[in-house]
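In what follows, a single structure is set out as structure tokens and then discussed.
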Amino acid sequence: MLQTFRKHSGGIFAKVLFGLLVASFAFFGIEDIFSSYTSMQPIAKVGEISISQEEFMRSYQKIVTRMQTMAKGKLKPDDIRRMGIDKRVLDDLVNSAVLDNEIKYLGLRVSNAALEGFIKSVPAFQNKAGQFDRNQFRYLLYSNEMSESGFINESREGLLKQQLIGTLSASVRLPEKYKEIIFLSQEQQKVFDAIYLPLAKGKVDAEATDQELEQLYQLQQDTFAQPELRTISVLIVDPVKVQAGIKIPAERLQQEYEARRDSFKTPELRDVMQLTFTSKSDAEKAQSELAAGQTPAVVLKAHKGDAKTYAKAGEDKFSADHAKAIFATAKGGVTDVLSSAFGWAVFKITDVEASHVLSFDKVKDQIESSLKNDIYAAQMTELQNKIEDGLAGGTPAEELAKEYHLEAMTFKEIDNAGFDVSEKSVVPEKLKEVVLENAFSQDEGVASSLINTTDGRSVAVVVNKITHKMTPAFNDIKPKVKKVWFEQRQREAVAKLAQDIVAKTKSKADFAAQAKSHGLSVRTLAPVSRVSLEEGKYVDDKVTPQALRVGFALAPTQAGFAPVKDGYVVLMPVKTLPFDLVKNKEKHDNFDKALKLMVQRDFQESYIEALKKKIKLDIRQDVLQRLLDR
């Protein structure tokens, strides 16, 4: 073929062909052609399987959307990059492809019967009787934007992976004794004796020299830095307060009642008895007997039916066919035989409460509230424009609040956590998130638009002044530097004291003697387990979960110490409480299941890593980077 092409390269055919090629570049743009080629390049190739850019982006966007929902849409592209979502998605896709390669190599298959059995066993697809419900199946797939064929394919792939890796990992078991040791180490409670050493116990005889203070100041600039502070004003629009100021004349309320009279009509309500029978013939006999005046009790007994009563039921309590028949039947009457989900039914109407129009007095408050809502909604757009225009034009929030009967608040020199210079939290809790987010994302002199808060109010935030982060001059904060120097020396002295107590403690008696010799007391803490520590529970106001972790590493009669906020604590385990495995069987079984899953997961990860070593793995970081940069 190449020879033929070369032979005719000087002819008219070649020239025409070359002309068409040039024309295509001119028409589509050479960049578009190469761009299309780039978009077809895979992100990665795992053995014989390619991971396309489209497949990556589909998984990536799914996770990003979920994260944005959890973060209420506040994640920025840089935040998403820092979270490493792209790496997580790529790892998952590569691991899946590794398993697909091995499945193909081993020739594993899932039969249609096994696939059908799996899908029908999913509880979400079953009705109340535990049977597969195709309508429920289709509805859930539709709600999750998934096609039936797509779900079936994903289920087949999942079963294949389970067949491969689940079979192998299921055989991995830990010895029962080993599992029991792990379980008890987490759940069994220990009792600790504790000696709390406050900073005041640290003796500091020396005075800091100016040289030492200046050296501390230079080495710990962050300790003495003043954070960025902002002075802000917040204008608050509270619908409840605004609507409270709206007055509706009595005549207008009466007019609205007359205009909306039909909407205040109550629905017709009925007391109904439903009699259900297994066969249609029994239901027909029962219907005839009821229509002839026989009591429901006698009819039910004679034809082995079930009864259910409805008190003051509207049409919405029944299916459309049943409601049509029930509400067309007079009081005391009986409907024809109707089919139902549980057999054949007859309905007897025992009482009827006719529809009627509610009186003005009963709906007056409802009408007034509705009108106020309408007026507020109409005024709100205009009010919003006036507020935002006023703030943009430099009108102080306080003046606008006074003019439009709103509320305004000013917070002077607060940090990004809402604390002022006296370390007092000043921003109201319900407004804190919205106010601080906008206060620290705007430039000085800029006002936000009105933003809705979770409690139904709207706020506008104005940044009046920004005091940038800075480290004050040494001479301006010398007393503070001196205080820090003193506290550090105190902490060092207390740490040395705690160390001495630990060194001299060989028994519970030694522990008590050491406490007494230093004018301290021994406290016995409430029983605690490692699990409760992980939950962050405090067993004492001075002893933190972090400090107790040190205690759990100690042998009986051994002492250890750990820092706490205002000093140190010395701990000694004094008792391990017995743990009744029989009484805690459910907890033990749940732990066993969790441990089994953890071990299987570790095995699966190791297995996948081993598989990666025997296949060719090519990850195109350049293609991935271009895709993420778009």
- Item | Listed residue (Gly445, Val463, Ile477) projecting farthest to the positive dipole end of region 444-493, Cβ model | Ile477
- Item | Correct option for Rg/Rh (Cα atoms, Kirkwood Rh) [calculated from the coordinates] among [x] 1.00; [y] 1.26; [z] 1.08 | [z]
- Surface/4 estimate of mean projected area, convex hull on alpha-carbon atoms of region 376-431, nm²: 5.0 nm²
- Query: So for Asp618, Asp389, what's the accessible-area order with a 1.4 Å probe, most first?
  - Reply: Asp389, Asp618
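Taking 0.36 nm per intervening residue step and subtracting the Cα-Cα distance, what contour gain separates Thr350 from Glu534 on full extension?
Difference between extended and current length: 60.2 nm.
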- Message: Taking θ = phi - 60°, what integer Hz values does the Karplus form 6.51 cos²θ - 1.76 cosθ + 1.60 yield along region 183-191, in sequence order, with x for Gly and Pro?
- Response: 4, 5, 5, 8, 9, 5, 8, 10, 10
- Query: Which pairs in the list Lys516/Lys542; Lys312/Lys372; Lys45/Lys104; Lys483/Lys504 are over 22 Å apart, alpha-carbon to alpha-carbon?
  - Reply: Lys312/Lys372; Lys483/Lys504
- Message: If amide hydrogens are placed 1.01 Å from N in the peptide plane, which non-local residues have theirs closer than 5 Å to the one on Ala313?
- Response: Arg270, Asp271, Val272
- Message: Under a crude label model (7 Å from the Cα following the beta-carbon direction), how far is Val446 from Glu586 in nanometres?
- Response: 5.4 nm
- Task: Counting only GluC sites (Glu not before Pro) that are in a DSSP loop and have at most 16 other C-beta atoms within 10 Å, tell me the longest site-free stretch of the chain.
- Result: 269-422
- Item | Cα centroid separation - region 99-131 against region 508-537, whole Å | 55 Å
- Task: Within region 85-190, report the trypsin sites (Lys or Arg not before Pro) that DSSP leaves as loop and that have at most 12 other Cβ atoms within 10 Å.
- Result: Arg109, Lys128, Arg173
- Query: HN-Hα J couplings of region 367-375 from phi, Karplus 6.51/-1.76/1.60, θ = phi - 60°, integer Hz, Gly and Pro as x?
  - Reply: 5, 4, 5, 5, 5, 5, 4, 5, 5
- Item | HN-Hα J in Hz across region 480-491 - Karplus 6.51, -1.76, 1.60, θ = phi - 60°, x for Gly and Pro | 5, 4, 5, 5, 5, 4, 5, 5, 5, 5, 4, 4
- Find, among the trypsin sites (Lys or Arg not before Pro) in region 358-451, those assigned to loop by DSSP (not H, G, I, E, B) with at most 11 other beta-carbon atoms within 10 angstrom. Lys424
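Can you tell me the accessible area per residue over the chain, all protein chains present, probe 1.4 angstrom, in square angstrom?
Details: 39590 Å² over 630 residues.
Solvent-accessible surface per residue comes out at 63 Å².
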- Let a ≥ b ≥ c be the square roots of the eigenvalues of the Cα gyration tensor of region 558-625; is it rounded (a/c under 1.5), or, if not, prolate (a/b larger than b/c) or oblate? oblate
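For the chain, what is the charge dipole size about the Cα centre, in debye to the nearest 20, if Lys and Arg each add +1 at the Cβ and Asp and Glu each add -1 at the Cβ? Please report the intermediate quantities before stating the final value.
Working: 89 positive and 87 negative charges, 476 e Å.
Rounded to the nearest 20 debye, it is 2280 debye.
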- Item | Set of region 578-618 residues, backbone N closer than 12 Å to the point 7 Å along the Cα-Cβ line of Gln188 | 578-581
- Item | Candidates per chymotrypsin sites (Phe, Trp or Tyr not before Pro) in region 320-371, loop by DSSP, up to 13 other Cβ within 10 Å | Phe342
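What number, rounded to the nearest 500 deg cm²/dmol, is the helix-based mean residue ellipticity at 222 nm of the chain, given -39500 (n - 2.57) per DSSP H run of at least four residues and division by all its residues? Numbers along the way, then the final one.
Details: 27 runs with 324 residues, N = 630.
When only DSSP H runs of four or more count, the value is -16000 deg cm²/dmol.
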- Item | Stretch gain in nm, segment Glu48-Ala378, where the contour uses 0.36 nm per residue and the Cα spacing is subtracted | 112.5 nm
- Dipole in debye (nearest 20) - region 120-240, about Cα centre, beta carbon charges: Lys, Arg +1; Asp, Glu -1: 1300 debye
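The values are calculated or read from the model by the stated rules, or taken from the named source; none is laboratory data. None of the values given here were measured: they were computed from a predicted structure. Virtual Cβ from ideal backbone geometry, glycine too; neighbours counted across all protein chains shown. Surface areas here come from the heavy atoms of the whole protein model, side chains and all, with no ligands, DNA or RNA. Shrake-Rupley method; radii C 1.70, N 1.55, O 1.52, S 1.80 Å.
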